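**Student:** Following this message is one structure expressed as structure tokens.
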Amino acid sequence: MSIPHVTDAEGRRVPPWQLVLRYALLLAVLALMVGPFVWQLSTSLKGQTEDIYSSPPSFFPSDPTLHNYRQVADVIPVWEYAFNSVKVATANVVTNCVGAALAGYALARLRYRGRKAATLAFILAMLVPVEGIIIAQFTTMRDLGLNNTLLGVLLPGSIGALNVLLMRNAFLNLPQEIEEAAFVDGANVWQRFLRIALPAVKGTIAVVAIFSFMGAWDDFLWPLIVLSDPENFTLTIGLNYLHGTFAQNPRLVAAGTIIAVAPLIVLFACLQKYFFRGVGEGAVKG
């Protein structure tokens with residue numbers, strides 16, 4: 001039986017040694033990316049009597065238990081913190097998807113004076129480090145009376161400059177002729193945006209949703225500065241207190257880490273189909 005030849009994107013045959021090298025590199029990257037998560041998951045499922053520092057290390061618990069997860073919930077109100085994070089992250093997804101789509105469409109399709117300057121402003125906003133404006137953000141939230149509120153955590157990141165530029169590029173890739181035909185048929189700007197442009201960039205919207213959720217869910221510095229009431233703490237701040245209290249019990253820290261990472265995995269699993277479609281956004285289907 002002959003072994004089928006493997007070809008690249010251009011139809012050229014790939015030598016076997018190159019194929020082996022590519023898969024070896026992919027497996028190495030996979031181990032670097034997934035290995036720490038697997039180790040944390042394994043540690044969170046190990047009991048108190050099981051050695052987590054054995055040599056060689058054991059990735060599979062001998063007696064898996066969920067006691068560490070229950071103990072995390074007993075020590076800190078982890079589910080309340082998680083609910084606060086869900087509220088902030090969900091609102092951040094909505095504001096970024098809606099705001100970035102509107103702003104991106106305006107930058108890509110509408111004709112008005114100062115459009116290039118507005119695009120340049122969004123590009124320059126990406127170059128400013130968060131640490132450079134965090135004091136100004138704090139004083140602004142204080143003057144608005146939003147310190148120690150989840151709304152104060154949400155507002156500074158409600159529309160990201162990167163997300164606006166992503167949506168702008170997605171709309172730019174759409175053929176202009178489609179909207180011109182709709183304009184001839186009498187469609188106004190909102191109709192062209194809602195019925196033609198927006199359905200064609202679902203992949204980019206999924207990318208914006210994932211980035212927005214991850215950014216709000218993983219944010220630590222800004223919630224730590226603006227929040228002072230433990231009832232309003234997000235999950236990242238709560239887990240920091242867990243780590244400081246139980247630094248000698250890595251099983252609890254690992255369990256808290258898995259609780260924090262699980263929603264991100266679920267979100268990506270639900271949106272991965274649209275996420276990978278974002279690469280070819282704007283193509284015309286025949």
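The values are calculated or read from the model by the stated rules, or taken from the named source; none is laboratory data. Being a predicted model, the structure only gives us computed values, none of them experimental. All Cβ positions, glycine included, derive from the backbone under ideal geometry; neighbour counts span all protein chains shown. Calculation scope for accessible area: heavy atoms of the full protein, side chains included, ligands and nucleic acids excluded. Shrake-Rupley method; radii C 1.70, N 1.55, O 1.52, S 1.80 Å.
**Student:** Please list Arg113, Arg13, Arg168 from largest to smallest accessible area, probe radius 1.4 Å, with all protein chains kept in place.
**Tutor:** Arg113, Arg13, Arg168
**Student:** Could I ask something else about it? For every helix of n ≥ 4 consecutive DSSP H residues, a contribution of -39,500 (n - 2.57) applies; sum these over the chain, divide by its total residues, and give [θ] at 222 nm rounded to the nearest 500 deg cm²/dmol.
**Tutor:** Calculated mean residue ellipticity at 222 nm is -21500 deg cm²/dmol.
**Student:** Hey, got the Cα dimensions of region 58-168 along the principal axes, in Å, largest first?
**Tutor:** Largest first, region 58-168 extends 66, 37, 24 Å along its Cα principal axes.
**Student:** What nm distance separates the two modelled labels at Trp79 and Phe37, each placed 7 Å from Cα along Cα→Cβ?
**Tutor:** 2.5
**Student:** Of the listed peptides 139-148, 57-66, 206-215, what is their order by residue-averaged count of other C-beta atoms within 10 Å, with the highest listed first?
**Tutor:** The packing order, highest mean first, is 206-215, 139-148, 57-66.
**Student:** Which value, in debye to the nearest 20, gives the size of the charge dipole of the chain about its Cα centre, when Lys and Arg are +1 and Asp and Glu are -1 at the Cβ?
**Tutor:** Result for the chain is approximately 1020 debye, rounded to the nearest 20.
**Student:** Still on this structure, I have one more. Please calculate the 1.4 Å probe accessible area of Leu271, with all protein chains present, and give it to the nearest 10 Å².
**Tutor:** Per-residue accessible area (Leu271): approximately 40 Å².
**Student:** Of Phe138, Pro223, Ile210, whose Cα points farthest to the positive end of the dipole of region 124-260 (charges on the beta-carbon: +1 Lys, Arg; -1 Asp, Glu; origin at the Cα centre)?
**Tutor:** Sorting the options by dipole projection puts first Ile210.
**Student:** Just to check I understand the Karplus step: with θ = phi - 60° and J = 6.51 cos²θ - 1.76 cosθ + 1.60, what whole-Hz values come out for region 253-262, glycine and proline as x?
**Tutor:** For region 253-262, the Karplus-derived couplings read 4, 5, 5, x, 5, 5, 4, 6, 7, 3 Hz, x marking Gly and Pro.
**Student:** What residue among Asn84, Asn232, Asn249 has the largest mean-square fluctuation in a Gaussian network model of the chain, using Cα springs under 10 Å?
**Tutor:** Asn249
**Student:** Further, regarding this structure: Under a 10 Å cutoff between Cα atoms, tell me which one of Val20, Val88, Val266 has the largest fluctuation in the Gaussian network model of the chain.
**Tutor:** Among Val20, Val88, Val266, the largest GNM mean-square fluctuation belongs to Val20.
**Student:** What's the magnitude of the charge dipole for region 42-147 around its Cα centre, counting Lys and Arg as +1 and Asp and Glu as -1 at the beta-carbon? Answer in Debye, nearest 20.
**Tutor:** 1100
**Student:** Which residue, Tyr274, Asn148, Gln40, has the largest displacement toward the positive end of the dipole of the chain when charges sit on each Cβ (Lys, Arg +1; Asp, Glu -1)?
**Tutor:** Tyr274
**Student:** Where a ≥ b ≥ c are the square roots of the eigenvalues of the C-alpha gyration tensor, would you call region 188-265 rounded, which needs a/c under 1.5, or, failing that, prolate if a/b is larger than b/c, or oblate?
**Tutor:** Prolate is the answer for region 188-265, as a/c is 1.5 or above and a/b outweighs b/c.
**Student:** List, in order, the whole-Hz ³J(HN,Hα) value for each residue of region 183-189 obtained from phi through the Karplus relation with A = 6.51, B = -1.76, C = 1.60 and θ = phi - 60°; use x for Gly and Pro.
**Tutor:** 5, 5, 7, x, 6, 7, 4
**Student:** Shape of the chain from its Cα gyration tensor (a ≥ b ≥ c, root eigenvalues): rounded if a/c is under 1.5, otherwise prolate when a/b > b/c, or oblate?
**Tutor:** Taking the square roots of the gyration eigenvalues as a ≥ b ≥ c, the chain is oblate.
**Student:** If I build a Gaussian network model for the chain, linking alpha-carbon pairs within less than 10 angstrom, which residue out of Ser55, Ser42, Ser228 has the largest mean-square fluctuation?
**Tutor:** Judging by the Gaussian network model, the answer is Ser55.
**Student:** What list of ³J(HN,Hα) couplings, whole Hz, do you get for region 265-276 from phi and the Karplus terms 6.51, -1.76, 1.60, once you set θ to phi - 60° and write x for glycine and proline?
**Tutor:** Rounded to whole hertz, the list is 5, 5, 4, 5, 4, 6, 10, 5, 4, 6, 4, 6.
**Student:** Okay, next question. Name the shape class, rounded, prolate or oblate, that the alpha-carbon gyration tensor gives for region 121-184, where a ≥ b ≥ c are the square roots of its eigenvalues, rounded holds for a/c under 1.5, and otherwise prolate holds if a/b is larger than b/c and oblate otherwise.
**Tutor:** Prolate.
**Student:** Give me P(r) over region 13-97, computed from all C-alpha to C-alpha distances, binned every 10 Å, as integer percentages.
**Tutor:** Distribution as computed: 14, 24, 25, 22, 12, 3 percent.
**Student:** Near His67, within a Cβ-to-Cβ distance under 11 Å, what is the net charge of the other residues, with Lys and Arg +1 and Asp and Glu -1?
**Tutor:** Here the count lands on +1.
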